[in-house]
1. So, in the range A:116-141, how many residues would count as being assigned to a helix (DSSP H, G or I), closer than 21 Å to A:L267 by Cα and either among the aliphatic types (A, V, I, L, M) or out of contact with any helix residue (DSSP H, G or I) (no Cβ under 9 Å at 6 or more places or on another chain) (or both)?
2. Testing B:G247 on (1) surrounded by fewer than 22 Cβ atoms within 10 Å (Cβ to Cβ); (2) under 20 Å from the mean Cα position of the chain (by Cα); (3) in a loop (DSSP other than H, G, I, E, B), one condition comes back false. Which one is that?
3. Can you name every residue in the range A:233-248 that is over 27 Å from B:E36 (Cβ atoms) and away from chain B (no Cβ under 14 Å)?
4. I'm trying to understand the selection: among the residues of the range A:43-68, which are under 23 Å from A:D95 (Cβ atoms) and among the acidic types (D, E)?
5. If B:S271 passes every condition in (1) under 17 Å from B:T130 (Cβ atoms); (2) more than 14 Å from chain A (Cβ to nearest Cβ) but one, which one does it miss?
6. Return only the number of the condition from (1) part of a loop (DSSP other than H, G, I, E, B); (2) within 14 Å of chain B (Cβ to nearest Cβ) that A:D251 does not satisfy.
7. List every residue pair whose Cβ atoms sit under 6 Å apart, with the two residues 6 or more apart in sequence or on different chains, where the first one lies in the range B:121-135 and is within 14 Å of B:E251 (Cα to Cα) and in the same structural domain as B:L266 (by TED's automatic domain parsing) and the second, anywhere, is among the polar types (S, T, N, Q) and part of a helix (DSSP H, G or I).
8. Taking into account only those residues within the range A:170-191 that are of a type in the set (D, E, K, R) and outside any strand (DSSP E or B), which is farthest from A:L215 (Cα to Cα)?
Amino acid sequence: MTFKATLLAGAVALAPVAAAADDDLTIGFSQIGSESGWRAAETTVTKQQAEARGIDLKFADAQQKQENQIKALRGFIAQGVDGILLAPVVATGWDDVLEEAQEAEIPVILMDRTVDADPSLYLTAVTSDLVHEGKVAGEWLVSEMDGKDCRIVELQGTTGSSPAIDRKTGFEQGIAGHGNLEIVRSQTGDFTRAQGKVVMESFLKAEGPGNICALYAHNDDMAVGAIQAIKEAGLAPGKDIVIVAIDAVPDAHLAIANGEMNATIELTPDMAGPALDALQAYLQDGTEPAKWIQTESRLYTASDDNMAVYEQKKSLGY
Amino acid sequence: MAASHSPLRRLAPQLVILAAVLALNLAVFPDFFRIEFQNGRLFGGVVDVLNRGAPTAILAIGMTLVIATKGIDLSVGAVMAIAGACAAKIVADGHGWGTALAGALAAGAACGIWNGVLVAWLRIQPIVATLVLMVAGRGIAQLVTEGTILTFLNEGLIHLGAGTILGIPTPVVIWIALGAGVTWAVRKTALGLLIEAIGINAAASRLAGINARVLLTCVYLVSGLCAALAGVIVAADIKGADANNAGLWMELDAILAVVIGGNSLLGGRFSITASLLGALIIQSVNSAILLSGMPPEFNLVIKAVLILAILVIQSPRIGHWLYILRASGGDPAPRRAKTVKETAR
C-alpha cells in the first residue's frame, strides 16, 4: 500500500513538471540489452532521433531480462512520461504492465519485436518484415542469375529462432518457380562469424569448391565469416561464389565495396524514427497510427556507394 | 616398468572411438581422407578436424590438469573472449602482434591467478569460484570491445589463427606443440605426480610436504593461459574479437573432452594425450554432422546420441562386462598378474 502511495506521490510530483513544459516531451525507452551490434546501433539511433526532436529520452537497459523491463516500465509510469518505447525481450507476459500504462494513459509503442497481448494495449508496433527480407534476397538472386543454373548453399541463423525460420521461408518464396535455382545444402551458422566460417568450410569440402554458385546467409556476420573460408579455399568470394545476406552491417558494406560480397538487405536500426513520428502525431492531435508500421527492407548492391554508407554506419556502435 | 606397454592400453578406448567416428565421416563423405596441397596449405577433411579442434584441444590441456586436482574451470570460455578482445584492442591501438599475444596471455594469466587464489587460498569450491569469472568475464570482454565486433587486419596476429606453418594450419602446430610440451613437463618431472596427489587426497599430500596452494594456483594459471591462447586463435581465425560469441559454451566442450579422455572428474590420475584425443573425437562428431547434410534441427540430437554412446561404452560397468567376457573366453592367467601390478602402482 505504502509502496503504491509512494509511486502515486512521485507521479503527482512529476506531473506538473511535464505539464509545464509541454514542448519538451519525456519518453521512456526500455531496450533489451546490447547482445548484438545491431542492437547497439538501434540504441544509438534512438538516442540520436530523440535528441534531434528535442525529446528527453529516459533509457533503460534490461540486460536481456523481462523482469528488468517490467520494472523499467513501472518506473516510467511512476515518473509520468509522455510515452514509452518498448523493445520486448520475449513475446508473453506483458498484459499486466501494459494495462497499468493504459490506465495511466501513457501510449506504448513496440519496437523491433511484437508481443502476444491484446493490440488495444499498445499504440502501434514498428518492426521489419523478416519474411519480406528473405524474399527480397531470393528475388535479387533470381534476377542476378537470369535463368542460369545455380546451386545455392544456405547459412541459417540459430535453429528455431524466428529470424532463421522467417528468412528461410522468405528466401524460398523468392526463388519459388525458378527451377534453375536450387538450395543444395542448408546448415546453421548460429548467426556468428566463427560458425559461418566453419560451416562454409564444410560446404566447400562436401560439394567441391567449383560446384557452389551462390551463398545465402541469414545475417551478414555469417557471410563475413564464410568469405574468409572461400578465400582460404582459393576462390574469389563475390565472383566465383555470389554472396547475398541480410542486415547491412558496416562490415558487409565494406565487403561489397571490396567486391567480396554482392548484396545485403538492410534491417534498419532506425525503428525509433517512425515510432516517434507516430507518437508525436498521436500526442499532438490524437491521430491513431496503423497497428503495424513496417520498416523498409532496402537492398544494397555494388551499385550503391557502400564506402560512404560504411563510414556513416561505423559510428553507430555496430 | 610397464610404461612401454601401458600408454597404448590406456589410450585404446579413445583410439577405437576416434577411428569409429572417423569411419562415420568417411561414410557420409567419401573424400574425407583426401588431402590436397592447395593455395600453399593442406586442404581436406582431416585437416579441418585437426584445425577446428584446436581451441577445444588447447582448453582440454589446461582443463585436464585442473580436473586432476579434483577441481574444474568453468571460466575458460569467458577467458577466451577476454583474451581475444585484449589482443584485438592492442593491435587496433597500433601495436604489433607480439605485444598483442603477450597482452592476451597476460590477461589470461591474471584470470587464472584470480581463480587459483579463490580456490587455493580462500578455499571456495572450484565450481563456484570459477563460475564468478564465467559470468563476469564476458562482460569484461564486452567492456574491452565496447560491445562491437572489433576487427583487425594485422597479418601477424591473423597468421596465428588462419595462417600456415609449412602448409600446416598454425592452430594445429600450436596445439600439438603445447600438448607435447605440457605432457613432457608433467611426466618427465614430479609435477604430474604432485598434481595427482592433490587430486586423490589433498590433506595427505599437504602432510607429505606438497605445497598445494602454490601448485593449485599454478594449475589454474596454466588453464588461464591455455584459454587465452585459444581465445587469440579464435579471434585471429575470423579477424575480429566477438565478445558475445567467442568461446561461448566452450568450457563444456573442454570438460567433455577430458571426460571422453577417460579422466575422472574426482581427480587423480590423468592423461593429457587422452584428453586431446577426446577433443578430436568431439570435433570429428561435429564434422560428421556438418558433412552429412542433415537439416540443422537434428544437429544437437545426433551429437547427444553419439556422445551418449561414447560415454556408455566407456562406463565402468560396461568395461567390467567386457573384462568378464574376455576373461571367460581367453586365458585369464596373465591378465590377473597385470591387474595386480596396476593396483600396486
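The values are calculated or read from the model by the stated rules, or taken from the named source; none is laboratory data. Note that the structure is a prediction, hence the values are computed from the model and not measured. Glycine also receives a Cβ, built like all others from the backbone with ideal geometry; neighbour counts cover every protein chain displayed.
1. Residues that pass the stated criteria total 5.
2. The number of the failed condition is (1).
3. A:V244, A:A245, A:I246, A:A248
4. Residue satisfying the conditions is A:E67 alone.
5. (1)
6. So the condition that A:D251 fails would be (1).
7. Final answer for the pair search is B:T130/B:N115.
8. Once the filter is applied, the top-ranked residue is A:D190.
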